[in-house]
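Student: The following block contains the structure, expressed as structure tokens.
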Amino acid sequence: MQKKIFIITTLAIIICCLIFFLTLYKHTKNVYVDITPIATHDNGMEFIDSSTCIECHQQIVEDHYKTAHYNSLKVANDETIKGSFKKEHNSFRLNENVIFNMIKRSSGFYQEPIIKKQSTPFYAAKMDLVIGSGTKGQSYLMWNKNNLFQLQASYFTPTNSWINSPGAPDKLTPARPVIERCLECHTTYAQNTSGNKNGNQFHKTNIVYGIDCQRCHGSVIKHVKFHKQHPKEKTAKHILKYSSLTRQQRLDACALCHSGLRTKATERAFTFMIGDTLANFSSSDYNETNLEDLDVHGNQYDLLKASQCFKKSATLDCTTCHNPHKKERGNIAVFNQKCIDCHTTQKKPINCSGNKNEIKKMGNNCVQCHMPLVNSKIMKIQVSEKDEVSVQVRTHFIGIYNKTSD
Ligand code: HEC
Ligand code: HEC
Ligand code: HEC
Ligand code: HEC
Ligand code: HEC
Ligand code: HEC
Ligand code: HEC
């Protein structure tokens, strides 16, 4: 009898212990979610690495890593610098007296201008950061203590060569200070420590490189923690939903960086968050309704807004044509289909009235005729001592360009 009681109590104790440890284990697993912030915004928001999203959004993350957005600001290295350091391809002539050489050393990558008849370089400036994915070109930034500068030599993709930076005079000039607004358009976050918006001092490690998920989706830590703890929950929690935004809010999410310089700012860079109204933060110093004032470089928003497609439809926004997570450049068929989808589903279909043979010859390429490549007036490149070319950008003023084509 006593033996029986002993066995039963022992069993009971073992079961109790098991239940206790199991609950404890489950409990700790629920509470402990390892998420280490990689940077902190002035306003307290914490950033995490976008690799955290792979667990549940694998395809989006993999696609996103290939986009121009994600690669728009990077630490300089062999992979991120597109320009060549090989002999005969590593220099350009600035003017008759100055040649720029690009030199790779074990300590890093340098720009070294040599003045005629001198044997040593005038200076050796280290390329620390790369700005620009290299789709059209790249510029290079240098840290001097905690101050950030843009160097004079850039790289131009169409000619696969080193060039004088756009806008720089054709003589040696001091490196240009990089201000927060420049970084606001090219990266997720950088903390300005100069105390004013025109200062170029930044916190060197409190930076989130490239335009990543959090630039467009805002704070995500709560979202990640929740879904890690509730793996069965299939509806998104603790994250801002684009579907709940107005058309203007959706447009503003892109217009922050795609509506020109917006030099009249009432708020500091990096304060605009998804869901905010951009007009409360900044406005342009040009007439938004004057087409002549809208440059194809950097101002897709105002040009699109001026188009009939935008004015006469209620829903058209950037994501009607662009998948914000994918590199789609060159995939013109995808874009043409967007034109056709909308034009043929209107109550009264809107058909092309252009010359049928011409259109066929163009392989029904709506984009080529109605959104042509246009020379930028502000982005010009000095390709040789004498020649300057404009960078060509796809206009977002969808319209009729070649009435005389037939
Ligand atoms: C543990 C799983 C998990 C992780 C990690 C996770 N998410 Fe999610 N997320 C979900 C689920 C589940 C949904 C809802 C289903 C869906 O839309 O895929 C969702 C939806 C979303 C949505 C759509 C919201 C909407 O409009 O409905 C966004 C944006 C999002 N996640 C961003 C992120 C980002 C950015 C990260 C990384 C920082 C991340 N998520 C990490 C589980 C996760
Ligand atoms: C934080 C600023 C910023 C925001 C917000 C932003 N973009 Fe961009 N976008 C850029 C910059 C900078 C580039 C050029 C990147 C490069 O090549 O280095 C770019 C490039 C692009 C390109 C060209 C891609 C390519 O392959 O060359 C497209 C298309 C685009 N953006 C669409 C959008 C859309 C749509 C939105 C809104 C959902 C958006 N962007 C939001 C800054 C931004
Ligand atoms: C340039 C801005 C931008 C960036 C960067 C971005 N997103 Fe998005 N994302 C959007 C927009 C805009 C939508 C809504 C699209 C729509 O409504 O058609 C969206 C929708 C989503 C959705 C829900 C719809 C879907 O496609 O499944 C998820 C999930 C998501 N994003 C995750 C991410 C993750 C993860 C990253 C980073 C790897 C990321 N996003 C980076 C702009 C962006
Ligand atoms: C108002 C937002 C904005 C500001 C400010 C801005 N850029 Fe850009 N930048 C863009 C956009 C958008 C593109 C690409 C699309 C286009 O040409 O419209 C781009 C393209 C570039 C490219 C070419 C990238 C490529 O691979 O095609 C370089 C290089 C560049 N910018 C450097 C800079 C530097 C350096 C600064 C600051 C001194 C700066 N940008 C300031 C928005 C901006
Ligand atoms: C969301 C729907 C939508 C999409 C997407 C769309 N359009 Fe339109 N488009 C319209 C509407 C609506 C009109 C105005 C028709 C009218 O005047 O009644 C229009 C007008 C036009 C016009 C006449 C412009 C003028 O100034 O008279 C052209 C050309 C055109 N679209 C071409 C395109 C091309 C090319 C694309 C793809 C790159 C495209 N559209 C995408 C809705 C759309
Ligand atoms: C009617 C369709 C349509 C809409 C709406 C649209 N785009 Fe585009 N966008 C295109 C096409 C087509 C291209 C050319 C793609 C290519 O060259 O592969 C393009 C190219 C771009 C480029 C690269 C330009 C270049 O030549 O380097 C940027 C940046 C861009 N779009 C941003 C935006 C932004 C921001 C919005 C919203 C304000 C927007 N787009 C709305 C169709 C559209
Ligand atoms: C070879 C160049 C070319 C191609 C390709 C082309 N169009 Fe056109 N389109 C024109 C010209 C030129 C006109 C103006 C004709 C005129 O009225 O003088 C026009 C007119 C239009 C109009 C205005 C119609 C109206 O009644 O006002 C629309 C809408 C349109 N095109 C849409 C498209 C779509 C969508 C595609 C792709 C399926 C396309 N176009 C392909 C050259 C082209």
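The values are calculated or read from the model by the stated rules, or taken from the named source; none is laboratory data. All figures in this text were calculated on a predicted structure; none of them were measured in a lab. Cβ sites come from the backbone with ideal geometry, for glycine too, and all protein chains shown count toward neighbours. Note: accessible area is taken over every heavy atom of the protein model, side chains too, but ligands, DNA and RNA are not part of it. Shrake-Rupley method; radii C 1.70, N 1.55, O 1.52, S 1.80 Å.
Student: Return yes when Thr263 is surrounded by fewer than 17 Cβ atoms within 10 Å (Cβ to Cβ), polar (S, T, N, Q), within 21 Å of the chain's Cα centre (by Cα) and farther than 26 Å from His217 by Cβ and no when it is not.
Tutor: yes
Student: Exactly one condition in (1) out of contact with any Phe, Trp or Tyr (no Cβ under 6 Å at 6 or more places or on another chain); (2) over 26 Å from Arg262 (Cβ atoms); (3) touching a residue at least 40 places away in the same chain (Cβ under 8 Å); (4) open to solvent by 60 Å² or more (accessible area, probe 1.4 Å) is not met by Asn164; state its number.
Tutor: Answer for Asn164: the failing condition is (4).
Student: For segment 45-56, give me each residue that is assigned to a helix (DSSP H, G or I) and either surrounded by fewer than 16 Cβ atoms within 10 Å (Cβ to Cβ) or within 16 Å of ligand 5 (Cβ to nearest atom) (or both). First the steps, then the outcome.
Tutor: So the first thing to find is which residues in segment 45-56 are assigned to a helix (DSSP H, G or I), and the list is 50-56.
Answer for segment 45-56, where residues must be assigned to a helix (DSSP H, G or I) and either surrounded by fewer than 16 Cβ atoms within 10 Å (Cβ to Cβ) or within 16 Å of ligand 5 (Cβ to nearest atom) (or both): Ser51, Ile54, Glu55, Cys56.
Student: Residues of segment 184-220 being outside any loop (DSSP other than H, G, I, E, B) and of a type in the set (Phe, Trp, Tyr), which ones?
Tutor: Of everything in segment 184-220, those that are outside any loop (DSSP other than H, G, I, E, B) and of a type in the set (Phe, Trp, Tyr) turn out to be Tyr189, Phe202.
Student: Then there is this: Please list, ordered by first then second residue, the pairs with beta carbon atoms under 7 Å, 6 or more apart or interchain, first in segment 361-381 and closer than 18 Å to Glu292 by Cβ, second within 16 Å of ligand 4 (Cβ to nearest atom) and acidic (Asp, Glu).
Tutor: Once the first residue is closer than 18 Å to Glu292 by Cβ and sits in segment 361-381, its partners that are within 16 Å of ligand 4 (Cβ to nearest atom) and acidic (Asp, Glu) give Ser376/Asp295; Lys377/Asp295; Ile378/Asp295.
Student: List pairs: first in segment 298-324 and within 20 Å of Leu245 (Cβ to Cβ), second among the aromatic types (Phe, Trp, Tyr) and at pLDDT 95 or above, Cβ under 7 Å, 6+ apart or cross-chain?
Tutor: Matching pairs, first to second residue: Leu304/Phe310; Leu316/Phe310; Cys321/Phe335.
Student: If you don't mind, another one. Lys326 fails exactly one of the following numbered conditions: (1) away from ligand 1 (no atom under 16 Å from the Cβ); (2) part of a loop (DSSP other than H, G, I, E, B); (3) open to solvent by 70 Å² or more (accessible area, probe 1.4 Å); (4) not polar (S, T, N, Q). What is the number of that condition?
Tutor: All conditions pass for Lys326, except number (1).
Student: Oh, and also: Please report, ordered by residue number, the strands (runs of 3 or more DSSP E) entirely within segment 68-183 with at least 1 residues that are of a type in the set (Lys, Arg).
Tutor: 73-75, 91-95, 98-105
Student: Any idea which residue in segment 293-310 is farthest from the chain's Cα centre (by Cα), counting only those that are in a loop (DSSP other than H, G, I, E, B) and aliphatic (A, V, I, L, M)? Break it down stepwise before answering.
Tutor: Going residue by residue through segment 293-310, those that are in a loop (DSSP other than H, G, I, E, B) are 294-299, 306-307.
Remaining after also requiring aliphatic (A, V, I, L, M): 294, 296, 306.
Numbers: Leu294: 21, Val296: 17, Ala306: 24 Å.
This residue is Ala306.
Student: Before we move on, is Cys352 open to solvent by 70 Å² or more (accessible area, probe 1.4 Å), among the hydrophobic types (A, V, I, L, M, F, W, C) and more than 16 Å from ligand 4 (Cβ to nearest atom)? Steps first, please.
Tutor: On the way: open to solvent by 70 Å² or more (accessible area, probe 1.4 Å): yes; among the hydrophobic types (A, V, I, L, M, F, W, C): yes; more than 16 Å from ligand 4 (Cβ to nearest atom): yes.
Criteria met by Cys352.
Student: So for segment 242-261 (the condition being within 26 Å of Leu151 (Cβ to Cβ) and modelled with pLDDT under 95), does at least one residue qualify?
Tutor: yes
Student: Using beta carbons and a limit of 9 Å, which pairs, at least six apart or on different chains, have the first residue in segment 236-247 and open to solvent by 80 Å² or more (accessible area, probe 1.4 Å) and the second one near ligand 1 (Cβ under 6 Å from one of its atoms)?
Tutor: Cβ pairs passing all conditions: His238/Val220; His238/His223; His238/Val224; His238/His227.
Student: Give the number of residues within segment 57-83 that are within 16 Å of ligand 1 (Cβ to nearest atom), open to solvent by 30 Å² or more (accessible area, probe 1.4 Å) and hydrophobic (A, V, I, L, M, F, W, C). Full working, then the answer.
Tutor: Filtering segment 57-83 for residues within 16 Å of ligand 1 (Cβ to nearest atom) gives 57-65, 67, 69-70.
Of the ones still in play, those that are also open to solvent by 30 Å² or more (accessible area, probe 1.4 Å) are 57-60, 62, 65, 69-70.
Retained after the next criterion (residues that are hydrophobic (A, V, I, L, M, F, W, C)): 60.
Counting residues in segment 57-83 that are within 16 Å of ligand 1 (Cβ to nearest atom), open to solvent by 30 Å² or more (accessible area, probe 1.4 Å) and hydrophobic (A, V, I, L, M, F, W, C) gives 1.
Student: On to the next question. For Asp341, all conditions in the list (1) near ligand 5 (Cβ under 9 Å from one of its atoms); (2) touching a residue at least 24 places away in the same chain (Cβ under 8 Å); (3) open to solvent by 70 Å² or more (accessible area, probe 1.4 Å) hold save one; what is the number of the exception?
Tutor: With respect to (1) near ligand 5 (Cβ under 9 Å from one of its atoms); (2) touching a residue at least 24 places away in the same chain (Cβ under 8 Å); (3) open to solvent by 70 Å² or more (accessible area, probe 1.4 Å), Asp341 is out only on (2).
Student: I need the full set of residues from segment 359-387 which are within 16 Å of ligand 7 (Cβ to nearest atom), out of contact with any helix residue (DSSP H, G or I) (no Cβ under 7 Å at 6 or more places or on another chain), aliphatic (A, V, I, L, M) and not in a strand (DSSP E or B), in order please.
Tutor: Ile359, Met371 - these are the residues of segment 359-387 that are within 16 Å of ligand 7 (Cβ to nearest atom), out of contact with any helix residue (DSSP H, G or I) (no Cβ under 7 Å at 6 or more places or on another chain), aliphatic (A, V, I, L, M) and not in a strand (DSSP E or B).
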